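Colleague: Provided herewith is a single structure, encoded as structure tokens, for subsequent inquiry.
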Amino acid sequence: MRIGVLGGGQLGRMLALAGYPLGLAFRFLDPSPEACAGQVGELLVGPFQDEDLLARFARGLDLITYEFENVPVEAARFLEGLLPVHPPSRALEVAQDRLLEKRFFQGLGVPTPPFHPVDGLPDLEEGLGRVGLPALLKTRRGGYDGKGQALVRSWAEAEGAFRTLGGKGLLLEGYVPFDREVSLLAVRGTTGEVAFYPLVENRHQGGILRLSLAPAPQASQTLQEKAEGYARRALEALGYVGVLALEFFQVGEELLFNEMAPRVHNSGHWTLEGAETSQFQNHLRALLGLPLGSTAPRGHSAMVNLIGLRPDFREVLKVPGAHLHWYGKAVRPGRKVGHITLRRDSPEALEETLPLLLQLAEET
Ligand code: AMP
């Protein structure tokens, strides 16, 4: 089977590496000739908007998926006319617009932070009246890793952010004083079979995921079931196939939906060593209608992102239970260039080793 992947970053690269044991072949499409998945599979280079290129990309493939959620919905729709494309383009459409996304989950009865669309100053005023201060003003489209948003604590700050962010196509959200951020990775196959990984605790720095702890420490069974129930509604409403990542704010035993990613997700990288079946292989199994693999954790894992630096590989690999993943990308400030998963048998052992690893992931 030959799988086409829209996007050729590290997620695509890890998908291919997980697919080779199943005898799959991969072709990537990415606007950049440097896309790192090109090191492990065939890479076509060009814009997602080019229909001739899309048709050439699709030729000889059995199915198509994506590893980048900002693929234009039109490109996915065009390809859906040629081949099976999973997850469905509707999932892309929802994920690309924070307003559509929040409304979609609200419509499913999933709690969200209070929100209000902002397309002019009167909306901003009305929104602030509704959601209160502090609040976050976000662009509806194109924001990622904390970009395209501003925390506002006063009317003056809100007005300033409103202008900086372009004055329309915005979303005002109530600031949630959360206990922590957690994510759930869900997977649904073409057969309708579903599986869920344990909740993961995520810590961000400067809007970028820095550390994931899996399973999330002290997450109750009730919380896990709540998250799974919310994910199940989304999977079914979208007729979803593949891995779906949902991010939540945890407040006490409540979960407020923040955002979704219709693809394999950074907060699931720990599954490569820390779960019976990785998110990457389960995504592929789902697409192919194969039985899903067990999502059971193997011990306790921490995943540390390598952001804009190359650590001393020797030092990292000396740490018991550490697994290094280097994506083969040029190192640039703020860029995710690799990750390390630390897998241990007990939470105590994990806690003991983690500080050393965090230190190594910060040194140049
Ligand atoms: P986002 O790109 O929407 O996931 O936002 C990036 C980060 O900003 C999140 O991971 C949170 O740490 C923070 N954030 C976003 N929205 C809110 C909110 N409504 N309340 C509190 N923190 C938020």
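Colleague: Which ones in the range 151-162 are within 15 Å of the ligand (Cβ to nearest atom) and either out of contact with any strand residue (DSSP E or B) (no Cβ under 8 Å at 6 or more places or on another chain) or among the basic types (K, R) (or both)?
Modeller: Scanning the range 151-162 gives a single hit, R153.
Colleague: Here is a follow-up. Could you give every pair whose Cβ atoms fall below 9 Å, whose first residue belongs to the range 166-177 and is under 15 Å from D119 (Cβ atoms) and more than 6 Å from the ligand (Cβ to nearest atom), and whose second residue is among the small types (G, A, S) and part of a strand (DSSP E or B), counting only separations of at least 6 or pairs across chains?
Modeller: L172/A135
Colleague: Now a separate question. Looking only at the range 233-253, how many residues end up being part of a strand (DSSP E or B) and more than 13 Å from S183 (Cα to Cα)?
Modeller: Residues that pass the stated criteria total 2.
Colleague: If you don't mind, there's one more thing I want to ask. Need the failing condition index for A361 against (1) at pLDDT 95 or above; (2) closer than 19 Å to G206 by Cα; (3) crowded, with 16+ Cβ neighbours inside 10 Å, just the number.
Modeller: Of the numbered conditions (1) at pLDDT 95 or above; (2) closer than 19 Å to G206 by Cα; (3) crowded, with 16+ Cβ neighbours inside 10 Å, the odd one out for A361 is (1).
Colleague: Here is a further query. Which pairs do you get when a residue that is closer than 11 Å to Y197 by Cα and touching a residue at least 40 places away in the same chain (Cβ under 8 Å), found in the range 271-290, comes within reach of a residue that is aromatic (F, W, Y) and surrounded by fewer than 24 Cβ atoms within 10 Å (Cβ to Cβ), reach meaning Cβ atoms under 6 angstrom, with the pair 6+ apart or on two chains?
Modeller: Close Cβ pairs satisfying both conditions: none exist.
Colleague: Give the residue that is nearest to the chain's Cα centre (by Cα), with candidates limited to residues of the range 239-253 that are among the aliphatic types (A, V, I, L, M) and under 11 Å from A186 (Cβ atoms).
Modeller: Filtering the range 239-253 for residues that are among the aliphatic types (A, V, I, L, M) and under 11 Å from A186 (Cβ atoms), the one nearest to the chain's Cα centre (by Cα) comes out as A245.
Colleague: Could I ask something else about it? Please state which one of L11, L44 is within 21 Å of L292 (Cβ to Cβ), modelled with pLDDT of 95 or more and of a type in the set (A, V, I, L, M, F, W, C).
Modeller: L11
Colleague: Those residues that are under 17 Å from E247 (Cβ atoms) and touching a residue at least 24 places away in the same chain (Cβ under 8 Å), I need them from the range 185-204; list them, please.
Modeller: The answer is L185, A186, V187, F196, Y197, P198, L199, V200, N202, H204.
Colleague: Of the residues that make up the range 85-103, is at least one surrounded by fewer than 18 Cβ atoms within 10 Å (Cβ to Cβ), over 29 Å from L6 (Cα atoms) and away from the ligand (no atom under 11 Å from the Cβ)?
Modeller: Checked against the condition, which is being surrounded by fewer than 18 Cβ atoms within 10 Å (Cβ to Cβ), over 29 Å from L6 (Cα atoms) and away from the ligand (no atom under 11 Å from the Cβ), the range 85-103 yields no hits at all.
Colleague: Output yes when any residue across the range 114-134 is within 20 Å of L209 (Cα to Cα) and within 12 Å of the ligand (Cβ to nearest atom), and no when none is.
Modeller: Within the range 114-134, not a single residue is within 20 Å of L209 (Cα to Cα) and within 12 Å of the ligand (Cβ to nearest atom).
Colleague: Given the options S212, S267, S183, name the one that is part of a strand (DSSP E or B), farther than 21 Å from P111 by Cα and under 13 Å from the mean Cα position of the chain (by Cα).
Modeller: S212
Colleague: Scan the range 142-149 and give yes if some residue there is among the acidic types (D, E), within 16 Å of the ligand (Cβ to nearest atom) and within 20 Å of F249 (Cβ to Cβ), otherwise no.
Modeller: yes
Colleague: Looking at the range 329-342 only, could you name the residues that are of a type outside the set (D, E, K, R), at pLDDT 95 or above and either surrounded by fewer than 16 Cβ atoms within 10 Å (Cβ to Cβ) or assigned to a helix (DSSP H, G or I) (or both)?
Modeller: Once the filter is applied, which keeps residues that are of a type outside the set (D, E, K, R), at pLDDT 95 or above and either surrounded by fewer than 16 Cβ atoms within 10 Å (Cβ to Cβ) or assigned to a helix (DSSP H, G or I) (or both), the range 329-342 yields A330, V331.
Colleague: Out of L137, L185, L165, L171, which single residue is surrounded by 18 or more Cβ atoms within 10 Å (Cβ to Cβ), in contact with a strand residue (DSSP E or B) (Cβ under 9 Å, 6 or more places away or on another chain) and within 30 Å of A286 (Cα to Cα)?
Modeller: It is L185.
The values are calculated or read from the model by the stated rules, or taken from the named source; none is laboratory data. For clarity, every value in this text was computed on a predicted model and none was experimentally measured. Cβ atoms come from the backbone with ideal geometry, glycine included; neighbour counts cover every protein chain shown.
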